[in-house]
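Note sheet for the following structure.
Nothing in this text is a laboratory measurement; each read-out follows from the coordinates by a stated rule. Computed from a predicted structure; not experimentally measured. Neighbour counts run over all protein chains shown; Cβ positions are idealised from the backbone, glycine included.
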Amino acid sequence: MDSPVTDSAGTPPEPDPRADDEPPTASPGSPAADDNKSDSKSDNESKNDIDGDVPVAPPVASSPADPDVAAPRKRHWLRWTALGTSVVVLAAAGVGWWFYQKLDSNITTDTTAEAELRTYERERPRPIAVDAKNILLIGSDTRAGDGNGKYGRDDGGSQRSDTTILLHLAADRQSATAVSIPRDLMVEIPSCRTSDGKRSKEQSAQFNWAFQFGGTACSVRTVEKLTGIRVDHHMVIDFSGFKDMVDAVDGVEVCLKKPVDDSDAHLKLPAGKQNLTGEEALGFVRARKTIGDGSDTERMERQQQFLGSLVKKVQSNGVLLNPTRLYPVLDAATKSVTTDPGLNSLKDLYDLARGLRNVPTEKVQFLTVPRQPYANDPNRDELVQPDAGRLFTQLRKDEPVSVVPAGQGQNGGNDEENTQRDGGSAKTDGKPDDTGPSSATPSPAFPGTNAAAGLCE
């Protein structure tokens, strides 16, 4: 007796749950199907006799296109994709947070200077243009720190301000004016708290003594007394920081008319165009006796030109918009600066940099306070008045300052233009359309440069 037909080897077919309600639909290979096909079977008996019994086909496996199988597989794939994406996002966020924390922790905060300045708040100038910012940038000549010992002996923390710049950011952030203050400028230095807790006496001395007497707070108070301008923030940067920032932007291009060999500045360069590394750049801005006329005035002008080229390099190669290139610059900057509490976070510094990002390079201007040899000592400087007063007034009121190439007069322009500016008479060419000197008094102009004019222009 033949065995019942099975779905698979040795397994009886499952009973049809619809058996009590309606006749089952015959499936191929079932007995019912054989009864229904009795007529057709007789027609095919001869063929079956030849070919033999037709085996029952095994169940066909579901194909991947089967919706009942593809849907779970798709959901499975989506779950893994979402999980992988989440891991990547979390990892990126973690790395980003780690970088942020690292850069943020690099910054040193000068709380001592902040406390000292609060003590003298009543005597400090009040800001006129609230949205404008004035930042005192101090380049310290300290020899402390890795790699700085070769520039001289470290006197146990004693330091002077080798370079000091008052940076004015216009309220509309459409211009930036950097004013160099000569280290040998004779000024009135107020009584300041010294590092040992004592107080220095108020005295007339060269400007960089203020930093030596009472650090940053004393320099800020001296500048405010000299200019009448409120200093909103201050930053101190050392030798190492300067070198690292130049290296972070892959060097700065300069052009030399003559070769340089300066053992004091540790600098030896051939004539012509070249790209300076951080170490070479530091020697270039510090060199005095072997480049130019050997004066501190010429050195300040060279420093201004170099800083202009550095700004131009940062803006032109997309550093501020490229995180990969921006990080080394920020790392170098944050590791080497000491700031007031208002600039002691990465966010504060980034906001400051973002404010400068869209300033046209020709509107990033550099100049030195109007000065001349000091009457009592030609090796020192003193302010030229009323020119210096005009400059300080323009900055204090956040009014435009015009800068022209050096050699065109203390206030810029030639003698004829200066005569017109001062309200005097000037020669005319006699043409009918010549209306003579303008009745309006133009803004004073000062010798200087801007970031658009590089060292190789």
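Quick one: which of 103-112, 174-183 comes out on top by average Cβ neighbours within 10 Å, and what's the full order, highest first?
174-183, 103-112
Count the net charge of all other residues whose Cβ sits under 14 Å from the Cβ of Asp351, scoring Lys and Arg as +1 and Asp and Glu as -1. Don't skip to the answer; put the middle values down first.
Values: positive: Lys133, Arg173, Lys347, Arg354, Arg357; negative: Asp104, Asp131, Asp232, Asp348.
Local charge sum for Asp351: +1.
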- Note on the structure: In nanometres, the difference between 0.36 nm per residue of separation and the alpha-carbon distance of Arg124 and Gln372 is 86.6 nm
- Applied in sequence order to the range 307-313, the curve 6.51 cos²θ - 1.76 cosθ + 1.60 (Karplus, θ = phi - 60°) yields integer Hz couplings, x standing for Gly and Pro, of 4, x, 5, 5, 4, 4, 5
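Take peptides 389-397, 242-250 and line them up by average Cβ neighbours within 10 Å, highest first, as a rough protection proxy. Please list the in-between numbers first.
Working: 389-397: 17.4, 242-250: 20.0.
Highest mean packing first, the order is 242-250, 389-397.
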- Greater than 25 Å apart at Cα, pairs in Lys312/Lys347; Lys268/Lys363; Lys198/Lys397: Lys268/Lys363; Lys198/Lys397
- Task: Find how much the distance from Ser263 to Thr393 grows on full extension, using 0.36 nm per residue of separation minus their present alpha carbon separation; answer in nm with one decimal.
- Result: 42.6 nm
- Cβ under 12 Å from Leu117's Cβ, Leu117 left aside: what net charge do those residues give with Lys, Arg +1 and Asp, Glu -1? -2
- Message: 5 Å is the cut-off here: which amide hydrogens, built 1.01 Å from N in the peptide plane, fall below it relative to Val369, excluding neighbours closer than 5 in sequence?
- Response: Ser180
- Query: Under 5 Å between amide H atoms, partner at least 5 residues away or on a different chain: which partners does Val403 have, H built in plane at 1.01 Å?
  - Reply: Phe446
- Dipole axis of the range 184-321 (+1 Lys, Arg; -1 Asp, Glu on Cβ), positive-most option in Thr194, Ile291, Pro270: Thr194
- Task: Based on the mean of other Cβ atoms within 10 Å per residue, sort peptides 125-133, 359-367 so the most packed one is first.
- Result: 359-367, 125-133
